[in-house]
1. Name the strands (runs of 3 or more DSSP E) wholly inside the range 38-97 in which the number of residues that are of a type in the set (S, T, N, Q) and modelled with pLDDT of 90 or more is 3 or more.
2. Please give the number of the condition Lys55 fails out of (1) open to solvent by 90 Å² or more (accessible area, probe 1.4 Å); (2) touching a residue at least 12 places away in the same chain (Cβ under 8 Å).
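The values are calculated or read from the model by the stated rules, or taken from the named source; none is laboratory data. Remember, it's a predicted structure, so these values are computed and weren't measured experimentally. Glycine also receives a Cβ, built like all others from the backbone with ideal geometry; neighbour counts cover every protein chain displayed. What goes into the accessible areas is simple: the full protein's heavy atoms, side chains included, and nothing from ligands, DNA or RNA. Shrake-Rupley method; radii C 1.70, N 1.55, O 1.52, S 1.80 Å.
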Amino acid sequence: WEGNEPPSAFTQSHTGHWILQGTSMTDKDGRSGQLISMVDNLNAGIYCISFNTGKYNPAGFFPYVSIVFEVRESQKLEHFHVPLLLSPFSFSTYRGS
């Protein structure tokens with residue numbers, strides 16, 4: 001996210017926009033490679049990972065899932081593993097190790 005204030009899903013008034021940092025496709029085990037090339041020195045900020053779940057499961061309830069998370073200044077050298085667990089009518093996510 002690039003902007004003066006964080007994005008909000010609850011209001012339409014925000015000054016900023018998302019910047020595409022990278023893309024990846026999942027392998028046969030449902031895992032993707034690195035999404036961005038700067039993983040060793042991630043900038044502090046708000047990020048969004050969007051999954052095209054409708055392509056994976058066309059009969060499912062969720063055509064896509066977006067996960068928004070924040071990397072704080074003290075975390076920018078840490079590893080971020082953000083898994084998505086998907087079933088036809090639910091999903092969950094967490095910060096993995």
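1. Output list reads 90-93.
2. (2)
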